[in-house]
1. How high is the relative contact order of the stretch 385-438, given as a whole-number percent (alpha carbon pairs under 8 Å, six or more residues apart)?
2. Within the set of other residues whose C-beta is less than 11 Å from the C-beta of M63, count the net charge using Lys and Arg as +1 and Asp and Glu as -1.
3. Could you check the simple spin-label distance between K104 and T289, using points 7 Å along Cα→Cβ, in nm with one decimal?
4. Points 7 angstrom from Cα along the Cβ direction at R455 and R44: gap in nanometres?
5. Using the Cα centre of the stretch 140-272 as origin and beta-carbon charges of +1 (Lys, Arg) and -1 (Asp, Glu), tell me which of A184, P229, I163 is placed farthest towards the positive end of the dipole.
6. Quick check: the angle from helix 327-343's long axis to the longest principal axis of the chain, C-alpha only, nearest 10 degrees?
7. Counting other Cβ atoms within 10 Å, which GluC sites (Glu not before Pro) in the stretch 138-227 have at most 12 and lie in a DSSP loop?
8. Quick check: pseudo-label points 7 Å beyond the Cα along Cα→Cβ at A346 and S158, how many nm apart are they?
Amino acid sequence: MSRTAVVIGAGLAGLLAAAALFPAYDEVLVLDRDELPEGPEHRRGLPQGRHAHLLMPGGLEAMEALLPQASLRERLLSAGAHEISLGSGMVVLSTEGYFHRWRKDGQLILTCSRALLDWVVREALLATANNIRFLKGQALELVGDAQRIRGVRIDTGSGPTDIDANFVVDASGRGSRIVTWLAALGITGIEERTVDSGLVNATRIYRTPPGAENFPLTMVQANPYQSRPGRSAVIVPIEDNRWMVSLAGTRGGEPPATADAFLKYTLDLPDPIVGRLISGAEPLTDVVTSRSTSNARRYLEKSRQWPDRLLVLGDALATFNPAYGQGMSVAALGARVLGRETRRNAVHKPGASRTIQREVARSVEAAWTLAVSQDVLYPDVRGGAPTTVARLAARYTRRLTKAATGSYAAASALWMVTGLKAGPTHLLRPASLLHAITGPPLPTLTAPPLTPGEREILAALDRTAGEASPTARPA
């Protein structure tokens with residue numbers, strides 16, 4: 001008897017779910033409302049797709065575990081992605097000052113457009129598996145009952161039809177209707193939470209200036225500790241010799257959608273370095289904005305009932321403020337859990353789906369804690385307020401971040417957590433506690449840690465004389 005798995009959603013979470021399932025099924029059907037592009041092109045179903053994305057070390061590790069024979073890292077680099085050292089390849093102004101740069105590389109992240117990432121993963125998946133089929137259509141509801149899912153009702157444009165399935169994954173993203181679908185099966189009372197700082201993203205693409213091809217990734221982080229709207233900016237190198245420049249601002253500090261105001265916003269940040277760099281770069285696109293940025297979580301793992309042969313992954317389970325760059329990696333970690341249980345031939349056992357869903361939720365917890373504990377500190381946040389515990393945690397995080405600006409060991413501890421290689425408790429280890437108490441061994445930097453050559457590039461690009469806000473600290 002043929003065995004079929006259905007994955008709802010062809011974004012990164014859906015692709016990785018298919019990677020987890022294909023070795024155990026005769027056919028894996030991946031359903032999406034969009035016509036998938038033949039190359040690395042943006043599509044409507046990914047509202048954050050035009051903004052900066054970072055692939056964290058933990059996420060890449062999980063992706064490579066799902067497709068070990070596909071050489072994903074090499075494929076991405078060959079397609080134009082950039083590998084960035086957290087230790088030496090970034091210029092970061094944190095809430096506690098600039099991080100020193102180190103001769104040690106530390107962990108590595110990958111940067112490219114979201115369109116390129118999805119396309120490379122999809123091509124790698126199709127090159128590895130011959131039993132995956134993509135279908136354009138919309139999922140209407142689950143077929144089955146509160147005990148077991150038996151398929152999906154879909155509409156491909158010619159009316160509703162049922163697809164029988166031995167396993168179903170909902171990876172349909174932020175707009176998932178999973179709570180409604182479960183209610184139709186008699187499973188109600190799903191707890192949901194949204195924490196919305198009102199963040200707006202604005203992005204513009206520039207041609208990388210000649211000579212600046214190896215300029216470090218440059219970031220001015222938002223500061224949630226000043227009782228003011230958070231504002232940030234980042235220059236991320238992407239494929240085809242381009243810079244992706246993404247701004248972000250919480251409610252009351254939203255970035256603009258016009259070119260002139262875009263530059264001014266960067267110059268009014270605590271350090272105008274991003275504005276100084278892009279002021280002499282050639283813009284290739286207009287400004288694109290997006291507001292689909294709230295933290296939202298469905299606590300499916302807490303449901304008193306859960307049907308067998310159903311799993312929810314990625315943004316359908318939890319979405320995060322994209323400023324923290326962890327959504328893709330969390331989806332990969334969840335898919336890796338599914339892949340492990342699929343290889344053990346455990347996914348069809350009674351109660352297995354409930355167990356897997358709970359373990360996937362543990363992959364969400366670290367990223368959720370990081371995002372929400374910061375976002376609740378911004379003015380006019382909706383859906384949450386800082387608790388006493390959250391304020392104590394924020395004080396500790398500030399102390400450890402301060403230490404990390406001038407300590408490679410403290411910075412490495414932070415990278416383990418933000419890179420999703422370890423959970424938040426990693427920051428409570430004795431060594432981390434000691435760093436938080438003693439502070440940074442190196443002096444606080446008063447200017448960006450640029451090499452002489454990088455300072456020359458910055459000076460050559462800078463067209464902002466007289467434009468920077470008087471409150472902006474000179475770089």
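Just so it is clear, none of the values below were taken in a lab; they were calculated from the coordinates. These numbers come from a predicted model, not from an experiment. Every residue, glycine as well, gets a Cβ built from its backbone with ideal geometry; the counts of neighbours run over all protein chains shown.
1. Numbers: 38 pairs, mean separation 18.1, N = 54.
Once normalised by length, the contact order is 33 percent.
2. Working: positive: R73, R75, R336; negative: E61, E64.
Around M63, the charge tally is +1.
3. Placing both labels 7 Å beyond Cα along the Cβ direction yields 4.3 nm.
4. So the two model labels end up 5.2 nm from each other.
5. P229
6. On a 0 to 90 degree scale, this one is about 40.
7. On the way: sites: E141, E191, E192, E213; in loops: E191, E213.
Listed in order of number, the matching sites are E191, E213.
8. Label at A346, label at S158, 4.1 nm between them.
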